[in-house]
1. When only residues in segment B:55-78 that are more than 23 Å from B:Ala130 (Cβ to Cβ) and crowded, with 16+ Cβ neighbours inside 10 Å count, which is modelled with the lowest pLDDT?
2. Of the residues that sit in segment A:1-13 and are assigned to a helix (DSSP H, G or I) and surrounded by 15 or more Cβ atoms within 10 Å (Cβ to Cβ), which one is farthest from the other protein chains (Cβ to nearest Cβ)?
3. For segment B:27-51, which residues satisfy the criterion of being more than 9 Å from chain A (Cβ to nearest Cβ) and either buried (at least 19 other Cβ atoms within 10 Å of the Cβ) or small (Gly, Ala, Ser) (or both)?
4. Residues that are more than 30 Å from A:Asp89 (Cα to Cα), surrounded by fewer than 19 Cβ atoms within 10 Å (Cβ to Cβ), aliphatic (A, V, I, L, M) and free of Cβ contacts under 8 Å to residues at least 40 places away in the same chain: does segment A:23-37 have at least one?
5. Looking at A:Leu16, is it within 14 Å of chain B (Cβ to nearest Cβ) and under 26 Å from B:Trp43 (Cβ atoms)?
6. When segment A:4-30 is examined, which residues are found to be aliphatic (A, V, I, L, M) and either within 16 Å of A:Thr67 (Cβ to Cβ) or over 25 Å from the mean Cα position of the chain (by Cα) (or both)?
7. Out of A:Lys41, A:Lys108, I need the residue that is within 25 Å of B:Arg52 (Cα to Cα) and surrounded by 11 or more Cβ atoms within 10 Å (Cβ to Cβ). Which one?
Amino acid sequence: MNNATHWTERSAEDFLYSIASDFVEQLQSKMATLNNMTRAKLAKAAGISKGRISQIFNDPGNISLDTAIRLARALGLSVSLLTYENTADPNNERGPVNADVFRICWEKAGRPFDMWDIQRLSQAAPRLADCYVQIPKGRHGTMRPGQSIAGIENLPWEVLSIAHTKSVSLNQFVPKKDVAS
Amino acid sequence: MKHARRAVAFLEQHSASYVDIKAAFDKLKASAQRYHFKSFDYWLGGHHNDDRFHGWNQSQHDGKYTGCFVFKNVSEGERLYGFLCRPKRENPHFEMCVLILYAKKKRWSTDTAELARAEKMRVDPDVIAALQDPDLFITGEGKKQ
């Protein structure tokens, strides 16, 4: 393995293991939130043998799409298979983006279902004029009008916290920049 | 394994006989290695997963091992012990987990002997000097990480 490349470059099995492992971690996280959900109960609900469940949880790399869908549905989860162009890491030096990262971004974006939702959510994005911003050293101010919330990144000072003054929820629009609490 | 904020490293070529992580890890089956690689990814990526890795806090073992860290594979009974450090003076937020020894056991209560070894390496002058070597973070392309 080249020093610069990620371990998932070693083989297709390694890459498959990595993404399947993320999937199984998501199943386990969901199981932890359900009362008395065991692997045996999951196996029964998904129509899969207990032995197969153990195999998948111990070595997720050989899971099939059919089995993945059965397991997710048995836990009340939906499944999507996605691809993405990672221009920031074209040589796979950091490995595949963790599935939880995609899930969290989707939830923060307001859980859009289709392109109409995305259009609606972008139209609902607040303008800076609608936002109340706390800046360092105890100063407070209302942001300059006419810019989208993304413009915060270009402002010369650190945003400590941000709150919305109108009815649109803002928690989906926190800028990329770290916002200290 | 490197990342902008964190890195995982194996300690090699130390006179202490118990520093066996590299040799032991290389002998693991590919599937066992994958599990640990995935755990490294989770830690590097800032995830929390106590089933796969954790440190020890002040209330445990009289606070003697707060600098120590372990990656574990419960189903295989494996643990990779090491310690956390911040080796880049110019970037004090950068954190590295230096793994030093491999242990395989069925009993899951913490073995303080292994923690003591990890702690000993954490404060070992030779190890500290190696971690402060500026060449440590130079890649094959000659770029500092």
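The values are calculated or read from the model by the stated rules, or taken from the named source; none is laboratory data. Because the structure is predicted, anything quoted here is derived from the model rather than measured. Heads up, the Cβs are rebuilt from the backbone with ideal geometry, glycines too, and the neighbour counts pull from every protein chain shown.
1. Among them, the one singled out is B:His61.
2. The residue in question is A:Glu9.
3. Correct list: B:Ala32, B:His36, B:Ser39, B:Trp43, B:Gly46.
4. Yes, segment A:23-37 has at least one match.
5. Yes.
6. A:Ala4, A:Leu16, A:Ile19, A:Ala20, A:Val24, A:Leu27
7. Exactly one residue qualifies, and that residue is A:Lys41.
Residue-by-condition table, conditions (1) surrounded by 10 or more Cβ atoms within 10 Å (Cβ to Cβ); (2) not in a loop (DSSP other than H, G, I, E, B):
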| position | (1), (2) |
| --- | --- |
| A:Ile48 | yes, no |
| A:Gly61 | yes, yes |
| A:Ile69 | yes, yes |
| A:Leu77 | yes, no |
| A:Leu81 | no, no |
| A:Tyr84 | no, no |
| A:Ala88 | no, no |
| A:Asn92 | yes, no |
